[in-house]
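In what follows, a single structure is set out as structure tokens and then discussed.
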Amino acid sequence: MGRLDEAAFAAFHARTSRALRAYVYRVVGNASDADDIVQEAFLRMLRADVPADGEEHLRRYLYRVASNLMVDRWRHRTHEQGEDVMPELTSAPPRYEDDAAVAKVFAELKPRDRALLWLAYVEGESHEEIASSLGVGRRGVKVMLFRARRRLRDLLQSRGLLVNS
Amino acid sequence: MTEWFDLNEVDENAIATFMSRVANLRTPKPETRTPDAAQLWCKAKLIARWEAERRAQRPLDFMQPIEIAGGLVAAGVLLYLSFLA
């Protein structure tokens, strides 16, 4: 098992940073925070000197660090402000065709639900992979993911957005 | 791909459709100039070096107050003895 050298890291960074940023941005809902978290995740991965035994292993480690950083940040903000700081949905029901409305509905979910749904649907990860990315047990992921999907379904239903494509 | 359970097909399709919309949402460009891979690599190496230096310095930092306290006690004892003499 070798260690990551600078060239290998540059190639890894080029392949993963964009997808990681999209994931983090969609979960935290703020570009500036997303940039900080992505940078910190890469730095922590490098400082941890993770063995470079396969890109998937490194990627999983990176996502786990980023996910933990997002949870920390969210907890910190919630503690500071005494409330959930995630964006609220406006009173007017959004139209499904509207991108901003889609983003707002997604932002209304809890950060952990957003992370789970993103990893499952966008990244196409299995339960085992999600468990590894989030640093939780596989059995727990099944339950959490089911609840996240149910909450999203309820949310879509309450907004009148539960349409079958 | 993840295997699903418990939601009906209509709900599942609606969620999948919604998530595909979420996946295609535009991600804004970085607000500030974020460091590239080479800068991150250098920064990580620098931090690792600082941490190594801090680790090496720690025993010295730990001993310093003990040395000062020892010196003060010794001075006190000497002063006491000089009064007795």
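Bear in mind these aren't lab numbers, they're just calculated from the coordinates by the rules spelled out. Remember, predicted model here, so these are calculated numbers, not experimental data.
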Original post:
For chain B, what ratio Rg/Rh do Cα atoms give with a Kirkwood hydrodynamic radius?
Top reply: 1.56
Subject >> Translational D in µm²/s for the protein assembly as shown (Stokes-Einstein at 20 °C, 1.002 mPa s, Kirkwood Rh from C-alpha pairs) >> reply: 101 µm²/s
**OP:** Relative to the longest principal axis of the C-alpha atoms of chain B, give the angle of the C-alpha long axis of helix B:9-23, reported between 0 and 90° and rounded to the nearest 10°.
**Re:** 60 degrees
Original post:
Leaving out same-chain residues fewer than 8 places away, which lysines sit with a Cα under 29 Å from that of B:LYS43?
Top reply: B:LYS29
Subject >> Residue among B:ASP61, B:ASP11, B:ASP36 with the largest mean-square fluctuation in a Gaussian network model of chain B, springs linking Cα atoms under 10 Å >> reply: B:ASP11
Original post:
Roughly what percent of Cα-Cα pairs across region A:115-165 reach past 11 Å?
Top reply: 68 percent
